[in-house]
Amino acid sequence: MKFDDRPEPAKRLEKARIARGFSTGIAACEYFGWKYPTYNHHENGLRGIVRAAGKYAKAFRVSEAWLLTGEGEAPEAPQIPLMGFAAGSLIGENIIHETALEYAHCPHGVKNVKNAYALRVRGHSMEPQYFENDIIFIQPNVVPKPGDTIIIQQQQMGEIHAFIKRYKGKTNGNLVTEQHNPKARVEYPLNSIIALHRVMTSNELLGI
């Protein structure tokens with residue numbers, strides 16, 4: 001697992017965003033009208049958040065003191081198991097583990113979803129929808145439909161590998177998907193897939 005060496009305020013900013021119900025930084029920026037490159041630098045720890053802390057604290061409903069120093073009340077959110085990684089390609093770590101690697105703050109809309117789990121995105125093939133290291137939340141109880149973003153689980157050498165793609169349909173014994181970056185059609189043999197789960201949308205995470 002990749003070591004998280006970001007400054008603590010950057011880590012708390014991510015926790016606050018997720019607890020508020022935004023699975024990605026870009027989703028929060030679209031909702032609040034922020035510039036994503038600036039926010040991304042703050043959450044990745046490339047820039048300090050002191051000047052923007054008040055704005056973020058108000059938007060994510062946490063105290064500015066907690067965001068900056070960790071003092072005071074943390075965002076109230078239960079934990080959800082983060083089970084591994086979802087890759088957009090064959091390159092990079094994309095294994096789902098039997099036990100949680102860590103726990104993520106659970107957005108409001110995920111609390112009552114039975115067997116929901118989280119994954120971290122690996123690679124860049126789903127940008128700008130999902131960026132590397134984004135945490136995504138998975139709804140395993142609803143059959144995906146064309147247009148949904150999905151997690152494809154495949155059994156490989158005794159391990160479960162996960163791929164994130166957009167679902168297009170089925171044809172000639174294959175699952176047809178697409179990716180954004182570069183834009184391409186990707187097919188998976190249906191007989192190689194052990195599970196197909198839907199990635200929850202921002203509205204679902206917010207409980208809308």
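Nothing in this text is a laboratory measurement; each read-out follows from the coordinates by a stated rule. Note that the structure is predicted; figures quoted are calculated from it, not measured. Here Cβ is always computed from backbone atoms with ideal geometry, including for glycine, and neighbour counts include all displayed protein chains.
The packing ranking of peptides 182-192, 53-63, 142-152, highest mean first, is 53-63, 142-152, 182-192, where packing means the average number of other beta carbon atoms within 10 angstrom of each residue. Here's how it looks for Asp148: its modeled amide H is under 5 Å from those of Tyr167, which are all 5 or more places away or on a different chain. Sequence-ordered 3J(HN,Hα) estimates for the range 169-184 from the Karplus curve with 6.51, -1.76 and 1.60 and θ = phi - 60° stand at x, 10, 7, 6, x, 10, 8, 9, 9, 9, 10, 9, 9, x, 5, 7 Hz, glycine and proline given as x. Collect residues whose amide H, placed 1.01 Å from N in the peptide plane, falls under 5 Å from the amide H of Ala104; neighbours closer than 5 in sequence don't count. Here the answer is Ile80, Leu82, since their amide H atoms fall under 5 Å of that of Ala104. Label-to-label distance, Asn141 versus Glu178, with points set 7 angstrom from Cα along the beta-carbon direction: 3.1 nm. Which shape class, rounded, prolate or oblate, goes with the range 90-161 when its Cα gyration tensor gives a ≥ b ≥ c as root eigenvalues, a/c under 1.5 marks rounded, and past that a/b bigger than b/c marks prolate? The shape class here is rounded.
Between the amide H of Arg198 and those of Gln139, Val142, Ile151, distances stay under 5 Å, these residues lying 5 or more places away or on another chain, with hydrogens modeled in the peptide plane.
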